[in-house]
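Step one of this worksheet: look at the structure below.
The values are calculated or read from the model by the stated rules, or taken from the named source; none is laboratory data. Since we're looking at a predicted model, the values are computed, not measured. Here the Cβ positions follow ideal geometry from the backbone for every residue, glycine too, while neighbour counts run over all protein chains shown.
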Amino acid sequence: MKETFWEKNKRAICNLALVLVLLAAVIAIDLLAPTTSMWFSVLRKVFTFALAAVSMNLLNGFTGLFSLGQAGFMLLGAYTYAIFTIPVELRASVFRNYGASLIQFQMPIVPALLCAGIVAAVFAFLIGLPVLRLKSDYLAIATLGFAEIVRGLVQLQNFGPLTNGPDPINKFTAPEHIWIYALIAGTCILLIILIVNSTYGRAFKAIRDDEIAAEAMGINLASHKQLSFITSSFFCGIAGAMLAMCNSSVSSVSFTTSMTYQILLVVVIGGIGSISGSMIAAFIYYASSEWWLKFLDLETYTAAGARVPLLGPGFRMVVFSVLIMIVVLFFRTGIMGTREISVYDFFAKLFSKKGGAAK
Amino acid sequence: MSNLLEIRNLTVRFGGICAVDHVSLDVEKGKIVTLIGANGAGKSTTLRAVSGIVKPTEGEILFDGENILGLSPDKIVARGVTMVPEGRRVFPNLTVLENLKIGAYLRKDNLTDDMEYVYSLFPRLKERSWQLAGTLSGGEQQMLAVGRALMAKPKLIMMDEPSLGLAPLVVRNIFEIIRTINDAGITVLLNEQNANMALKAADFGYVLETGRITLSGTGAALYADEGVKEAYLGKRKE
């Protein structure tokens, strides 16, 4: 009995072990690294965008709905979280241009995160009704338009008491520890994995593969697309809230279309339809663009005092773009394709190879 | 003599074109009924109208005595009508097993027995249950498409051109399976261009021409009919 349990779940158990090791590493970094270390800012962003990318993957990679509304849903999540977690005594100073804040209470982090997700999900439900009838590029354009509309609306003076108009919101609760970010993103991604592996997830994949056949098999297209869209947006809203925590300031101008493209890029590099791919790609993307390639932006001089050619502000993005082109050219389906990481299979392969060599 | 499916005056228009024009036909319970006809005669459209994917402009579709016209496809599948779509349409990036599970999507009960039944009909699928459906051969994909439809535990299974693009030997195999399924008590409505095989297998047949039924009769009677012979079986009049 014990053996069958192990046989059935060996892959999940090994992967769980990997997750625990990584979590331990994050806590270790959190405790040991100096507060000025790049690890802090980079890892916070990595966890945030890993969640955003995985939630986008749920929609684009697993259900085959090409939506570009991510920035809009993240904005909704970020604003909801920020507005709900400003301490009551500081509200007057944040909303000084609009007299007083409409909301006069403060929420703890977890309920505020849930609210962020729910607000994004409610908007997803409303715009999903008309928009999900569209297919491929048309859906992308419609959702892109939605994101821009949301960004425009929150800046309106009329919404000032609620959203602080065009002024940024700050002074809300923003945890410092990176393990908190890891925990939030980890929990959400775990939920997404459970959804993808459920019967609903299978129905999503069937819709992606062949809509007409899925419909003929009795899958209600409209309700399943809606479900996928709402779930994806819920987690996108939470990712938005995490982004608010990272930056400890929320301003609608930062939620641009290019943010959606960044997330899309992470999804494509990681592999459309691979959750672990999205996570790995989020790490590589943000670690290299914010940290490892930063030196390219600095004017560097050799020992002899000559300026190293090309290095200077902006050169980082040139190198980065070339790297992305290389990835896209040589890994057509992204780093992971549609596969998932499996620690068990990795070691099984490794040891079987060694065993073969010994013989 | 009870009819599982009755189609009355079914008309389907696409824009100005009338694809199906006042078609009436009966499918008796427990029988194999075939629709034969050339390309564009309206065979596929008729099946799609029954399964709810295409919305008819006029007519009545009675299944088990109840009108199912206007119901959404999932409600129609839930009542026991499934379709094996034209060109197989398996889900290429799902495994064989997942494809079969999708077939049983609306069922909440235990699938083990039906899974065993499908695997006993198609042992090849059992061997390949972990393989992606897109990597199967055409014949295997057709088996999977039939197996997937069976997983819904249908009363009526509609097959749209099951022999399309398959080798003659595989076609024979598919028709044997159709008979086996029918012997198990499932009514079959078959669309075929391969009139030869279809009429031999069917209890009753309808000939469809440009959206209208021009001829009907038992499989054997149609098979012997001179007009059908000339038009669909490729035999010249003596």
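Figures for the structure shown
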read-out	value
Matching residues, region B:93-112, being more than 7 Å from every other protein chain (Cβ to nearest Cβ), modelled with pLDDT of 90 or more and over 20 Å from the mean Cα position of the chain (by Cα)	B:THR95, B:VAL96, B:LEU97
Every residue from region B:149-173 that is out of contact with any Ser or Thr (no Cβ under 6 Å at 6 or more places or on another chain) and within 20 Å of B:ASP114 (Cα to Cα)	B:LEU150, B:MET151, B:LYS153, B:LYS155, B:MET158, B:MET159
Pair list, Cβ under 6 Å, 6 or more apart: region B:77-95 residue under 12 Å from B:ILE157 (Cα atoms), other residue charged (D, E, K, R)	B:GLY80/B:LYS155; B:PRO85/B:ASP160
In region A:210-219, residue nearest to B:ASN99 (Cα to Cα) [restricted to those that are in a helix (DSSP H, G or I) and within 7 Å of another protein chain (Cβ to nearest Cβ)]	A:ALA213
Positions within region B:95-127 being polar (S, T, N, Q) and surrounded by fewer than 19 Cβ atoms within 10 Å (Cβ to Cβ), in sequence order	B:THR95, B:ASN110, B:THR112, B:SER120
One residue from A:PHE295, A:PHE283, A:PHE320 being buried (at least 17 other Cβ atoms within 10 Å of the Cβ) and not in a loop (DSSP other than H, G, I, E, B)	A:PHE283
Residue list for region B:155-164, filter: more than 10 Å from chain A (Cβ to nearest Cβ) and touching a residue at least 60 places away in the same chain (Cβ under 8 Å)	B:LYS155, B:LEU156, B:ILE157, B:MET159, B:GLU161, B:PRO162, B:LEU164
Test: residue in region A:248-259 that is under 15 Å from the mean Cα position of the chain (by Cα), within 14 Å of chain B (Cβ to nearest Cβ) and among the β-branched types (Val, Ile, Thr)	no
So B:ARG148, is it touching a helix residue (DSSP H, G or I) at 6+ places or on another chain (Cβ under 7 Å), surrounded by 21 or more Cβ atoms within 10 Å (Cβ to Cβ) and at pLDDT below 90	no
Unique residue being closer than 15 Å to A:ILE118 by Cα and either away from every other protein chain (no Cβ under 14 Å) or surrounded by fewer than 22 Cβ atoms within 10 Å (Cβ to Cβ) (or both) when the list is A:ALA222, A:ALA239	A:ALA239
Contacts under 6 angstrom Cβ, first residue in region A:202-227 being at positive phi, partner buried (at least 23 other Cβ atoms within 10 Å of the Cβ) and aliphatic (A, V, I, L, M), 6 or more apart	A:GLY218/B:VAL77
Search result, residues across region B:64-82 that are in contact with an Asp or Glu (Cβ under 7 Å, 6 or more places away or on another chain) and of a type in the set (A, V, I, L, M)	B:LEU69
Conditions (1) in contact with a helix residue (DSSP H, G or I) (Cβ under 7 Å, 6 or more places away or on another chain); (2) surrounded by fewer than 18 Cβ atoms within 10 Å (Cβ to Cβ): number failed by A:LEU183	(1)
Residue satisfying condition, being among the basic types (Lys, Arg) and closer than 30 Å to A:ASN220 by Cα, within set A:ARG202, A:ARG151	A:ARG202
Number of positions in region A:112-131 that are under 14 Å from A:ALA222 (Cβ atoms), of a type outside the set (A, V, I, L, M, F, W, C) and in contact (Cβ under 8 Å) with a residue 24 or more places away in the chain	1
Region A:102-151: number of residues that are exposed (fewer than 12 other Cβ atoms within 10 Å of the Cβ) and at pLDDT below 90	5
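One line per residue, one yes/no per condition, for (1) farther than 14 Å from B:GLY211 by Cα; (2) not acidic (Asp, Glu):
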{"site": "B:ALA19", "(1), (2)": "no, yes"}
{"site": "B:ASP26", "(1), (2)": "yes, no"}
{"site": "B:SER44", "(1), (2)": "no, yes"}
{"site": "B:GLU58", "(1), (2)": "no, no"}
{"site": "B:SER72", "(1), (2)": "yes, yes"}
{"site": "B:VAL90", "(1), (2)": "yes, yes"}
{"site": "B:ASN93", "(1), (2)": "yes, yes"}
{"site": "B:ILE102", "(1), (2)": "yes, yes"}
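A quick yes/no check of all residues on (1) within 16 Å of the chain's Cα centre (by Cα); (2) facing chain A (nearest Cβ under 10 Å):
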residue: B:SER51; (1), (2): yes, yes
residue: B:LYS55; (1), (2): no, no
residue: B:GLU60; (1), (2): no, no
residue: B:GLY65; (1), (2): no, no
residue: B:LEU69; (1), (2): no, no
residue: B:LYS75; (1), (2): no, yes
residue: B:PRO85; (1), (2): yes, yes
residue: B:PHE91; (1), (2): no, yes
